[in-house]
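Peer 1: Structure below; questions to follow.
Values in this text are rule-based calculations from the coordinates and carry no lab data. Just so it is clear, the structure is predicted and the values come from calculations on it, not from any experiment. Here the Cβ is made from the backbone with ideal geometry for all residues, glycine too, and neighbour counts use every protein chain on show.
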Amino acid sequence: MSTVTIPLDLREVLDDAWQAAKNVPGFLGEEEARFLGMVAACVPSQGSIVEIGSFKGKSTVMLAKVSQHYRLGSVVAIDPHNFYNPKLEEYRTAPDASSYDEFLKNLDAAGVSDMVDARRAFSRDVATSWNSPIRFLWIDGDHSYPGAKADFDGFFPCVTPGGIVAFHDALHEFSGPIRVFVEEVLRSEQFGPAGFVGSIAWSQFRPEDGALFKKQRANLERLGARLVSSRPEEDLDLHGISKMLFKLNRYRIPRSLMQPQEWASLLSQSKPQ
Ligand SMILES: C[S@@+](CC[C@H](N)C(=O)[O-])C[C@H]1O[C@@H](n2cnc3c(N)ncnc32)[C@H](O)[C@@H]1O
């Protein structure tokens with residue numbers, strides 16, 4: 001465990017980063033973006049920030065702006081930019097339309113082109129040769145169960161102790177992120193503090209003392225497992241009673257943005273309170 005330090009200018013840096021990111025088309029709410037920025041700035045670990053799933057660059061810009069300010073190195077952004085997901089169809093002009101040109105344009109407009117190591121590829125293809133340390137693994141790519149599981153399995157071995165793993169859309173109607181978070185993260189003694197912010201599910205990799213956070217993880221695991229069991233394994237749209245049940249279970253999950261000092265003291269604990 002290492003102490004988390006919140007930089008004095010973090011609030012202004014997150015404000016500036018959000019100003020740059022907010023008009024980029026995408027799927028990230030303001031609280032979620034601020035959380036990502038805070039993690040990028042403060043995670044008490046070594047290695048790269050790796051993003052799986054960039055689309056037009058909303059979260060990429062947020063992460064890269066923060067990384068640029070604190071000189072934390074480039075953000076690795078992995079996305080084939082031609083992935084067809086029927087659920088995203090309304091955001092595309094055609095099933096095979098590419099978001100790559102807009103992604104590059106948005107990075108340029110935000111002044112972070114040189115802060116992003118863009119890999120135009122499927123995550124599984126990058127994972128096969130990936131072997132460098134990761135301090136923040138941000139998973140927002142293929143939200144099916146096999147997709148989210150492959151992303152976790154492919155990159156988690158390189159997450160450094162103290163690093164953060166986060167999944168987007170864990171509280172939306174996708175089967176993958178919440179199931180992988182519950183089964184691989186919340187049920188693992190290797191993970192410590194954990195939580196939800198908006199639809200982001202996150203936890204800190206604490207291989208040495210994760211067991212101390214068992215109770216906190218178990219509480220979240222119980223709430224998350226209800227969501228997993230209230231939806232089918234496939235990514236089918238929920239309707240009627242199952243949709244109501246899903247929403248009721250989701251409503252029970254605390255997911256407001258933690259203030260930086262609160263987050264820092266949670267991570268700095270050597271024993272859960
Ligand atoms: C929900 S969007 C990402 C949103 C983005 N993070 C933002 O802030 O707006 C999901 C993206 O994941 C990409 N994707 C899907 N499967 C992928 C995979 N196996 N590897 C990498 N990217 C993938 C899609 O091309 C799509 O652009």
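Peer 1: Taking DSSP loops as anything outside H, G, I, E and B, show the longest stretch in the chain free of GluC sites (Glu not before Pro) there with at most 16 other beta carbons within 10 Å.
Peer 2: 1-188
Peer 1: Just to confirm the filter: which trypsin sites (Lys or Arg not before Pro) across the stretch 94-156 are DSSP coil and have at most 10 other Cβ within 10 angstrom of their Cβ?
Peer 2: Sparse-neighbourhood loop trypsin sites (Lys or Arg not before Pro): none present.
Peer 1: What is the Cα convex hull volume of the stretch 10-268 when expressed per residue in Å³?
Peer 2: Details: hull volume 29.6 nm³, N = 259.
Roughly 114 Å³ of hull volume per residue.
Peer 1: Rank the residues ARG250, ARG255, ARG34 as a footprinting-exposure proxy: fewest other Cβ atoms within 10 Å of their Cβ go first.
Peer 2: ARG255, ARG250, ARG34
Peer 1: Calculate the translational D of the stretch 119-273 in whole µm² s⁻¹ from Stokes-Einstein, where the hydrodynamic radius comes from the Kirkwood formula applied to all Cα pairs, the temperature is 25 °C and the viscosity 0.890 mPa s. Mind dumping the intermediate values first?
Peer 2: Numbers: Rh = 15.9 Å.
Approximately 154 µm²/s, per Stokes-Einstein.
Peer 1: Past the 17 angstrom mark, what percentage of all C-alpha to C-alpha distances in the stretch 131-178 do you count?
Peer 2: Tail fraction, whole percent: 30.
Peer 1: I need the shape label for the stretch 10-58. Rule: rounded when a/c is under 1.5, else prolate if a/b > b/c, else oblate, with a, b, c from the alpha carbon gyration tensor.
Peer 2: oblate
Peer 1: Also, quick follow-up: What ranking do TYR145, TYR100 get, fewest neighbouring Cβ atoms within 10 angstrom at the top?
Peer 2: TYR100, TYR145
Peer 1: In addition: Taking amide H positions as placed in the peptide plane 1.01 Å from N, state which residues far from PHE191 in sequence (5 or more) or on other chains have amide H under 5 Å from it.
Peer 2: Amide H neighbours of PHE191: ARG206.
Peer 1: Rank ASP153, ASP142, ASP101 by mean-square fluctuation in a GNM of the chain with C-alpha springs under 10 angstrom and give only the top-ranked residue.
Peer 2: Top of the fluctuation ranking is ASP101.
Peer 1: Taking θ as phi - 60°, what are the ³J(HN,Hα) couplings along the stretch 214-222 by the Karplus curve (6.51, -1.76, 1.60), each to the nearest whole Hz, with x for Gly and Pro?
Peer 2: After applying 6.51 cos²θ - 1.76 cosθ + 1.60, I find 4, 5, 4, 5, 5, 4, 5, 4, 4 Hz.
Peer 1: Report ³J(HN,Hα) in whole Hz for each residue of the stretch 119-126, in order, from the Karplus equation J = 6.51 cos²θ - 1.76 cosθ + 1.60 where θ = phi - 60°; Gly and Pro get x.
Peer 2: 10, 7, 7, 6, 4, 4, 6, 6
Peer 1: Given Cα pairs under 8 Å that are at least 6 residues apart, what percent is the relative contact order of the stretch 10-268? Write out the running numbers ahead of the final one.
Peer 2: Values: 488 pairs, mean separation 43.5, N = 259.
Relative contact order of the stretch 10-268: 17 percent.
Peer 1: Hand me the chymotrypsin sites (Phe, Trp or Tyr not before Pro) from the stretch 170-271 located in a DSSP loop with no more than 10 other Cβ atoms within 10 Å, in residue order please.
Peer 2: Listed in order of number, the matching sites amount to none.
Peer 1: Under a 5 Å amide H to amide H cut-off, with H placed in plane at 1.01 Å, what residues pair with ALA118 once short-range neighbours are removed?
Peer 2: Here ALA77 satisfy the definition.
Peer 1: Could you tell me which of the pairs LYS149/LYS243; LYS58/LYS105; LYS22/LYS56 are separated by over 22 angstrom between their Cα atoms in the structure shown? Walk me through the numbers before you get to the answer.
Peer 2: On the way: LYS149/LYS243 24 Å; LYS58/LYS105 12 Å; LYS22/LYS56 12 Å.
In this structure, LYS149/LYS243 exceed 22 Å between Cα atoms.
Peer 1: Fewest Cβ neighbours within 10 Å first, please rank VAL228, VAL61, VAL159 accordingly.
Peer 2: Arranged by neighbour count, lowest to highest, VAL228, VAL61, VAL159 become VAL228, VAL159, VAL61.
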